1. Provide the three semi-axes, in whole Å and in decreasing order, of the ellipsoid equivalent to region 59-107 as defined by the square roots of 5 times the Cα gyration tensor eigenvalues.
2. What spacing in nm lies between the two simple spin-label points modelled at residue 10 and residue 28, each 7 Å away from Cα in the Cβ direction?
3. Over all alpha-carbon pairs of region 1-77, lay out the pair-distance distribution in 10 Å bins, whole %, shortest bin first.
4. With the crude spin-label approximation of a point 7 Å out along Cα→Cβ, what separation in nm comes out for residue 65 versus residue 111?
5. What per residue convex hull volume, in Å³, comes out for region 1-138 when only alpha-carbon positions are used?
6. What nm value, rounded to one decimal, do you get for the distance between residue 87 and residue 40 when each label is placed 7 Å out toward the C-beta?
7. What does the highest-first list of 61-68, 100-107 look like by mean Cβ count within 10 Å?
């Protein structure tokens with residue numbers, strides 16, 4: 001089965017310059033845990049993602065004003081993505097390898113087409129229960145390290161001049 005059959009199409013997104021509060025409102029209003037970040041409304045090229053955890057750890061826990069913090073200050077810039085024609089099994093492997101629950105779906109020009117979550121796979125994909133259980137187990141495994149994409153984003157930002 002292909003991702004295009006199970007993904008959520010046209011998810012709401014933010015610009016990197018938007019306040020963190022906008023991403024939080026999207027999460028609340030649409031009952032999602034991730035908001036894709038795009039470069040601009042026309043091209044819709046993805047430049048990062050912001051998760052509920054990113055907002056909690058980088059805004060709330062630091063007592064920062066969500067209206068005064070730009071999304072770019074708390075987003076993950078290393079984006080693990082897939083295409084609409086990728087197999088469900090490939091995306092489950094990406095989730096396991098990177099300990100992530102959601103994967104943006106991009107076209108050949110890196111434009112946002114949709115997003116696929118563990119919930120989408122469990123609810124809509126034709127996969128064996130053991131496969132989803134194993135993926136969820138790996139994604140949820142306790143680790144002292146942040147997820148691989150988040151760790152790579154942090155390493156990149158620490159290595160770059162501010």
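All of the numbers you see were taken from the coordinates with simple rules; none came from a lab. The structure displayed is predicted, hence computed values, not measured ones. Glycine gets a Cβ as well: all are built from the backbone with ideal geometry, and neighbour counts include every protein chain shown.
1. 30, 12, 7
2. Between residue 10 and residue 28, the label points sit 2.5 nm apart.
3. 20, 51, 23, 6, 0
4. 3.7 nm
5. Hull volume over Cα atoms, normalised by residue count, gives 99 Å³.
6. 3.9 nm
7. Order by mean packing, descending: 100-107, 61-68.
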